Amino acid sequence: MEVITCTGDLNYVNPASPACCEILVSMAEYFEIPISKEIGTCIMTGIITDTGGFRYMGITPDTFEYTADLLRIGVDIPDIYKRTLGTKTKANFELTKRIIDRMELLEDGKVAFSYMNTSDELEVKAEERRP
């Protein structure tokens, strides 16, 4: 069992939620806070990134219901998907190459180990991407 240590004055934790932003949607519904297209875009970005584009375990029917609701208010899901998971920069390719070049295989190829560090990011001029 995973132990979650809360450090804030108020904490709401739902370990069954596959995306933190799903918790925000349910809280907005509970407090009857309307979700605008702009806020919905931010929420959908979180759902897409937290679920790996709906590929990770733990996705529930609620995940898709929240997504459908966000589509109904005009959130451009294909654009979010493209910008968060579908776009690779030159720096990303260069970092990937470094990681692959450093990769070591252990246990007859069952375990792969590699790394990157801050100097790698600086050398390839990697920048934080924002959707």
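Please treat every number below as a calculation from the coordinates, not as lab data. Every value quoted in this text rests on a predicted model; they were computed, and no experiment measured them. Glycine also receives a Cβ, built like all others from the backbone with ideal geometry; neighbour counts cover every protein chain displayed.
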Can you pull out the chymotrypsin sites (Phe, Trp or Tyr not before Pro) in segment 56-131 that DSSP calls coil and that have at most 16 other Cβ atoms within 10 Å? Tyr56, Tyr115
Computed lengthening from Ser119 to Thr5, 0.36 nm per intervening residue step minus Cα-Cα distance: 37.9 nm
Phi-derived 3J(HN,Hα) across segment 87-100 with the Karplus relation (6.51, -1.76, 1.60, θ = phi - 60°), rounded Hz, x for Gly and Pro, is 10, 10, 8, 4, 4, 4, 4, 5, 5, 4, 4, 4, 5, 5
Please give the FRET efficiency for Ala112 paired with Ala91, using the beta carbon to beta carbon distance and R0 = 30 Å, rounded to the nearest 0.05. 0.85
Helix 61-72 axis, angle to the chain major axis (alpha carbon atoms, nearest 10°): 80
Segment 20-85: C-alpha pair distances exceeding 14 Å, %: 53
Tell me the Kirkwood radius of the chain: reciprocal of the mean inverse pair distance over distinct alpha-carbon atoms, in Å. 17.6
Label-point separation, Asp79 to Glu65 (7 Å along Cα→Cβ), nm: 2.8
Could you give me the ³J(HN,Hα) list for segment 76-83, computed from phi with Karplus coefficients 6.51, -1.76, 1.60 and θ = phi - 60°, whole Hz, x at Gly and Pro? 8, 5, x, 5, 4, 4, 4, 6
From the residues Ala28, Leu85, Val13, which one has its Cα farthest along the dipole of the chain in the positive direction, the dipole being from +1 and -1 charges on Cβ of Lys/Arg and Asp/Glu about the Cα centre? Leu85
